[in-house]
Structures are given as C-alpha cells and as structure tokens.
1. Looking only at the stretch 86-109, decide whether some residue is touching a Cys at 6+ places or on another chain (Cβ under 6 Å) and modelled with pLDDT under 90.
2. Give just the number: which of (1) modelled with pLDDT of 90 or more; (2) loosely packed, with under 14 Cβ neighbours inside 10 Å; (3) more than 14 Å from the chain's Cα centre (by Cα) does Asp33 not satisfy?
3. Within the stretch 11-48, count every residue that is free of Cβ contacts under 8 Å to residues at least 12 places away in the same chain and at positive phi.
4. For the stretch 36-48, name all the residues that are of a type in the set (D, E, K, R) and exposed (fewer than 11 other Cβ atoms within 10 Å of the Cβ).
5. Mind listing whichever residues of the stretch 65-90 are closer than 16 Å to Val36 by Cα and of a type in the set (Asp, Glu)?
6. It is to be established whether one or more residues within the stretch 46-54 are at pLDDT below 90 and either among the small types (Gly, Ala, Ser) or under 14 Å from the mean Cα position of the chain (by Cα) (or both).
7. Inspect all residues belonging to the stretch 19-38 and state whether any of them is touching a Cys at 6+ places or on another chain (Cβ under 9 Å) and within 21 Å of Val111 (Cβ to Cβ).
8. For the stretch 49-74, name all the residues that are without any contact (Cβ under 8 Å) to a residue 40 or more places away in the chain and surrounded by fewer than 15 Cβ atoms within 10 Å (Cβ to Cβ).
Amino acid sequence: MYVNGEERPLEAVFVFPLPGECALCHFSAKLGDTEVVAKLKDTMKAREEYDDALSSGHQAFLLEESDQSPDVFQLNVGSLPPGESAAITLVYISELAMQADDALRFCLPAVLNPRYTPQGEGQTGEQLHGLSSNMC
C-alpha cells in the first residue's frame, strides 16, 4: 500500500521485477473504497486513456511491461489525492523450480538488478539501476 504524503495530488511510478517465466493474469487497484480491475488493452490505447483521465482530473492506473526487459513492469498511479492510499494486487502464475531434495523453490524478486545493454543492441545502451536481492 502506498499513501500520498504530499499536499497535492501526484503521480506515483513503481518499477518492479517479476519472474521472467511468469504470466501476469490479474491486476487490480483499490483507492479508498473503490476497486478497479484492469482490462488488457492495446498499449497505445491504454496510454491515451490514462493520459486523458489525468488531463480530466480523474484518477487512473496504468501497468505496462518494460520496453527494455520482459521481466520488468512499470505501474503508474495517477492523480493520487493528498492523504489518499492506493493498494495494488497482482496475481501471476509461474512454474516452481524442483530442488534436488524434491522440495519446491519460490523466489520473489525484491528489487531490480543492474542491467546493461551495449550500444547497438536493443534500445540506447541504457542501464536499469537497482540493488541485487531476491526473496527465496
């Protein structure tokens, strides 16, 4: 849950990893007593609707897969009023790794690991910054 501690509405942006082999199957956001369940839309249409909602002074949410990496997502929570909280729910499925002792292992990426794409490959040689950590 995130609470806007500012004195004005703001747009909160969260960038987070998900396991690369997972499939995201549900996203919902709760703002006060209102819950919004996401619908899959064309990227450009979703961005337009998000921008239109913010321009009109409405609250909106936009969840996108990163252009730089398929296991990094960005969530925009727009026009969050002062003192208001937003709670986000993501549901995904993933195959669990079988260990040598027949135990299953689940790793939840906690932060982004630094990544580098050399010039000429992919985007523009940008680096995603973060700390190395997984919760296994």
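1. yes
2. Answer for Asp33: the failing condition is (1).
3. Of the residues in the stretch 11-48, 0 are free of Cβ contacts under 8 Å to residues at least 12 places away in the same chain and at positive phi.
4. Lys39, Asp42, Lys45
5. Selection gives Glu84 alone.
6. No, the stretch 46-54 contains no residue that is at pLDDT below 90 and either among the small types (Gly, Ala, Ser) or under 14 Å from the mean Cα position of the chain (by Cα) (or both).
7. Within the stretch 19-38, one or more residues are touching a Cys at 6+ places or on another chain (Cβ under 9 Å) and within 21 Å of Val111 (Cβ to Cβ).
8. Residues satisfying the conditions are Glu49, Asp51, Asp52, Ser55, Ser56, Gly57, His58, Glu64, Glu65.
The values are calculated or read from the model by the stated rules, or taken from the named source; none is laboratory data. The structure presented is a predicted model; accordingly, all values stated were derived computationally and were not measured. Every residue, glycine among them, receives a Cβ derived from its backbone with ideal geometry; neighbour counts consider all protein chains shown.
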